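First up is the structure itself, then whatever we jot down about it.
The values are calculated or read from the model by the stated rules, or taken from the named source; none is laboratory data. The shown structure was predicted, so the numbers you read here are calculated from the model rather than taken from an experiment. Positions of Cβ are generated from backbone atoms using ideal geometry, with glycine treated the same way; all protein chains shown enter the neighbour counts. Calculation scope for accessible area: heavy atoms of the full protein, side chains included, ligands and nucleic acids excluded. Shrake-Rupley method; radii C 1.70, N 1.55, O 1.52, S 1.80 Å.
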Amino acid sequence: MSTPIGLGIPDAPPPVLHPRRTTKNFMVGKVGVGSDYPISVQSMTNTKTHDINATLQQIAQLTATGCDIVRVACPKPIDAEALPIIAKKSPIPVIADIHFQPKYIFAAIEAGCAAVRVNPGNIKEFDGRVKEVALAAKDANIPIRIGVNAGSLDKRIMDKYGKATPEALVESALWEASLFEQYDFHDIKISVKHHDPVIMVEAYRQLAAQCDYPLHLGVTEAGPAFQGTIKSSVAFAALLAEGIGDTIRVSLSAPPEEEVKVGDMILQSLNLRPRKLEIVSCPSCGRAQVDVYTLAEEVTAALDGMEIPLRVAVMGCVVNGPGEARDADLGVASGNGKGQIFVKGEVIKTVPESQIVETLIEEAMRIAESMEEDGAPTGKPEVKVTK
């Protein structure tokens, strides 16, 4: 008899590829940032910030998806005027995104935003205003993110390097940080974004070696959902596997909630965030004796939103199916138009292919209810079965 597989969160913390790089620590609203705290997932609203209701509604959607910190654009006076209400009513910390006009930095600080993101490369006479910014932010206990982007580097840096090299991005970021340091301001987070994952990774590696500020990871202008997901995943994985990175944003030409989902899954996959629902399914091949594509999609859709750490295996052939199903918390090994249902490593029943999805959902909900009775949060979804 096989050893039963334990359900839920393991007794010991799961292994990670590398310890976190040690950084300074501070609070962005109620969220801790730095090596003493978990890596957080960020996104940015795509609403007009001055449309307060639309912006707060989108923030609520992002919060429900798992977003930890949200950034809002502030390009116009009417956007700055909306910041006090948004910052007060948002369920998660709000960062004001400032470009071009330094006056909006002070408006965001006065509005009670949890942090301010500045882009020194395109803010008019920014270096000459650092003292004012540092003193205002320090007095309000508000961190500053220095966000250096390949597409908006300071002209002096571009003249020196000719293009946005890793060295150019790092020099720009550290120069700006040094200006804040002159005024004893150290609650700084830095990002050095580039659209090329290779350049981006090298820039962050160099930056990590030269400072102990928390780093915000991002591949800027990563592209549409598929391309952007791949580019962000490979870049983030390379850095996070080395312990580099304290907050992340997956920049996609897609709804902001999709950014959060991808970011959350990246962290879960690297054991940097507690795993929730995980679907293990085979890619299908000539050995498959059931429609594994449809089975996997229907199970995934039906259990969407489940928060319990549950691994569900949906397997379509007899080669790897029984082993994967037995190793999961809940699984099915399918063949010849039927499926063996496994719970905790043991076969509990065999059902026709037409009943596989329904049975897996029933067992998943039963497990969720059992964990709820034991006091564990489940986030049970509204189950929808596609017939």
Worksheet, complete the sentence: Across the stretch 330-355, the tally of residues that are over 21 Å from Met371 (Cβ atoms) and open to solvent by less than 40 Å² (accessible area, probe 1.4 Å) stands at 6
Fill in: Exclusive hit being in contact (Cβ under 8 Å) with a residue 12 or more places away in the chain, in contact with a Pro (Cβ under 9 Å, 6 or more places away or on another chain) and of a type in the set (Gly, Ala, Ser), set Ala302, Ala237
Ala302
Worksheet item: When Tyr213 is evaluated against the numbered criteria (1) assigned to a helix (DSSP H, G or I); (2) aromatic (Phe, Trp, Tyr); (3) open to solvent by less than 10 Å² (accessible area, probe 1.4 Å), which criterion, by number, is the only one it fails?
Response: (1)
Practice prompt. State the number of residues belonging to the stretch 49-64 that are open to solvent by 70 Å² or more (accessible area, probe 1.4 Å), in contact with an Asp or Glu (Cβ under 9 Å, 6 or more places away or on another chain) and under 20 Å from Ala254 (Cβ atoms).
Written response: 2
Discussion item. Condition (residue is more than 16 Å from Asp187 (Cβ to Cβ), open to solvent by less than 20 Å² (accessible area, probe 1.4 Å) and not in a helix (DSSP H, G or I)) applied to the stretch 127-147: is it met by at least one residue?
Written reply: no
Worksheet item: Just wondering, is there one or more residues in the stretch 310-329 that are open to solvent by 40 Å² or more (accessible area, probe 1.4 Å), within 26 Å of the chain's Cα centre (by Cα) and closer than 26 Å to Gly228 by Cβ?
Response: no
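Quick check on the stretch 72-91. Is at least one of its residues within 18 Å of Ile190 (Cβ to Cβ) and open to solvent by less than 30 Å² (accessible area, probe 1.4 Å)? Full working, then the answer.
Let us first name the residues in the stretch 72-91 that are within 18 Å of Ile190 (Cβ to Cβ), namely none.
No, the stretch 72-91 has no match at all.
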Item to complete: Can you tell me which residue among Ala222, Ala237 is outside any helix (DSSP H, G or I) and of a type outside the set (Phe, Trp, Tyr)?
Response: Ala222
Worksheet, complete the sentence: Sole miss for Glu307 among (1) outside any loop (DSSP other than H, G, I, E, B); (2) surrounded by fewer than 18 Cβ atoms within 10 Å (Cβ to Cβ) is condition (1)
Practice prompt. Out of Lys189, Lys160, Lys155, Lys131, report the one residue that is out of contact with any strand residue (DSSP E or B) (no Cβ under 6 Å at 6 or more places or on another chain), in contact (Cβ under 8 Å) with a residue 40 or more places away in the chain and among the basic types (Lys, Arg).
Written response: Lys131
